[in-house]
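Enquirer: What follows is a structure written as structure tokens; I'll ask about it next.
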Amino acid sequence: MNTKKETLSLVLTALFTAIIIIMAFTPLGYIPLGVINATIIHIPVILGAIFLGPKKGSFLGFVFGLTSFIKNTVTPATVSAFVFSPVLAASQFGVSGVFKSAFICFVPRILVGVFPYYVFLLVKKLSGGT
């Protein structure tokens, strides 16, 4: 990679990370529905994965999971906040709850940053795109 592409990749990664953080800690990202929060934060993660590839997409997914962990630990607004916070899960379910909660909080959200890239490549290949 040349310097311009590396710089563009770094800037886009920082931009998508900033968008995720802003959405997570303002009312834009998480919409409390009582039992669980609805979210639209996966949209910048998916777009980042398509533009930047699966490695940077997985990083953006990790940031998404981290913001979910922090938000549900600091301000548990819903009944199911313990699912996304290993700290709250430990207080309710012990050590086994910590690992399950961390898995639920991070792994699916990291995969949200990986799978869209490969789906995009598959659709592009099937449609005859170059």
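Enquirer: Has segment 90-103 got at least one residue that is modelled with pLDDT of 90 or more and not in a helix (DSSP H, G or I)?
Expert: no
Enquirer: If I ask for residues that are touching a strand residue (DSSP E or B) at 6+ places or on another chain (Cβ under 6 Å) and among the polar types (S, T, N, Q), which ones from segment 1-56 would you list?
Expert: Within segment 1-56, Asn37, Thr39 meet the criteria.
Enquirer: For segment 20-50, which residues satisfy the criterion of being part of a strand (DSSP E or B) and surrounded by fewer than 20 Cβ atoms within 10 Å (Cβ to Cβ)? Steps first, answer last, please.
Expert: Quick first cut of segment 20-50, residues part of a strand (DSSP E or B) only: 30-32, 37-39.
The answer is Ile31, Pro32, Asn37, Ala38, Thr39.
Enquirer: Within segment 105-130, can you find the residues that are surrounded by fewer than 17 Cβ atoms within 10 Å (Cβ to Cβ) and of a type in the set (Lys, Arg)?
Expert: Lys124, Lys125
Enquirer: Still on this structure: Under 8 Å between Cβ atoms, at least 6 apart or on separate chains: pull out the pairs that start in segment 103-130 with a residue that is closer than 17 Å to Ile20 by Cα and of a type in the set (Gly, Ala, Ser) and end on any residue that is open to solvent by 60 Å² or more (accessible area, probe 1.4 Å) and part of a loop (DSSP other than H, G, I, E, B).
Expert: none
Enquirer: Taking the stated definitions as given, is Thr17 within 12 Å of the chain's Cα centre (by Cα), closer than 20 Å to Thr75 by Cα, β-branched (Val, Ile, Thr) and open to solvent by 20 Å² or more (accessible area, probe 1.4 Å)? Spell out the reasoning first.
Expert: Details: within 12 Å of the chain's Cα centre (by Cα): yes; closer than 20 Å to Thr75 by Cα: no; β-branched (Val, Ile, Thr): yes; open to solvent by 20 Å² or more (accessible area, probe 1.4 Å): yes.
No: the conditions fail for Thr17.
Enquirer: Here is a further query. For segment 41-65, name all the residues that are under 10 Å from the mean Cα position of the chain (by Cα) and without any contact (Cβ under 8 Å) to a residue 24 or more places away in the chain.
Expert: Matches in segment 41-65: Ile43 only.
The values are calculated or read from the model by the stated rules, or taken from the named source; none is laboratory data. Model, not experiment: these values are computed from the prediction. In this analysis, Cβ positions are derived from the backbone assuming ideal geometry, glycine residues included, and neighbour counts consider all displayed protein chains. The protein model used for the area step is the full one, side chains on, heavy atoms only, and it has no ligands, DNA or RNA in it. Shrake-Rupley method; radii C 1.70, N 1.55, O 1.52, S 1.80 Å.
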